[in-house]
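Please read the structure below before turning to the comments.
The values are calculated or read from the model by the stated rules, or taken from the named source; none is laboratory data. Predicted model only: the values in this text are computed from it and were never measured. For neighbour counting, all protein chains shown are included, and Cβ atoms are generated from backbone atoms with ideal geometry for every residue, glycine included.
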Amino acid sequence: MAEPEKPAETSVKAAPAPPAAAAKPAAKPKKDAEKPADLRRSLIWACIWGYLGVNFLMFLRFFFPRALFEPKTVFSIGFPSDFGLGVETKFQRDYRIWVVRNPERLFVIYARCTHLGCTPDWKQTEQKFKCPCHGSGYDSEGVNFEGPAPRPMDRAHVEIDATGQIIVDTNRLYVRDLKAGRDEFSNAGAFLNA
Ligand code: FES
């Protein structure tokens, strides 16, 4: 009797189990996936700290207000006898005025162009005020004669104080605007008798 055939031995051996260390690289993609989340978290914190920082600086700013030094609007310019005939420009930088004396009157021109508000320059050789912005020209009494300025420059209030000095008030201006039917250059306070 023939012996039952033994099952043939398989020549294929089971593949060796991968070493434990070899399984580790599989975890790497997981770490990479966490990177965008970390980045997002960092950005959120940066925004929060930025927001808090800006608010803190704004809070501190209350303790350091920006001081704006406006020129005085009421001030003394000396005695009438201090001024000769013509245009005195020495108060322009501090007070934005010129003092003018003619044979009849002493008055103060507020140095603001009536076109768009620039400060004209006094041109001694040409005996005129010239606006550097758009070329308006004014004669030695501040009356416009060329360029786009629509009317003469305004005059500031003047009066004599108890000591005999001239007090100027640039908050009180006298206007000549003939198109509007307004002429205040002869009002009391617009000039002093020379
Ligand atoms: S502002 Fe003086 S001419 Fe325009």
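Val99 falls short on exactly one of the conditions (1) within 20 Å of Asn193 (Cα to Cα); (2) within 16 Å of the ligand (Cβ to nearest atom); (3) of a type in the set (Val, Ile, Thr), and that condition is (2). Selection of the stretch 119-158 for residues being of a type in the set (Asp, Glu) and surrounded by 12 or more Cβ atoms within 10 Å (Cβ to Cβ) yields Asp121, Asp139, Glu141, Glu146, Asp154. For the stretch 71-90, the set of residues classified as within 30 Å of the chain's Cα centre (by Cα) and in a loop (DSSP other than H, G, I, E, B) consists of Pro71, Lys72, Thr73, Thr89, Lys90, listed by residue number. Among residues that are at pLDDT 95 or above, within 27 Å of the chain's Cα centre (by Cα) and crowded, with 16+ Cβ neighbours inside 10 Å, Ile166 is not included. Taken together, the residues in the stretch 106-150 that are touching an Asp or Glu at 6+ places or on another chain (Cβ under 9 Å) and away from the ligand (no atom under 16 Å from the Cβ) amount to 2. The condition of being closer than 24 Å to Thr73 by Cβ and out of contact with any Leu (no Cβ under 9 Å at 6 or more places or on another chain) holds for only one of Phe185, Phe107, that being Phe185.
Of everything listed in (1) loosely packed, with under 13 Cβ neighbours inside 10 Å; (2) within 16 Å of the ligand (Cβ to nearest atom); (3) closer than 26 Å to Phe75 by Cα, the single unmet condition for Asp161 is (2).
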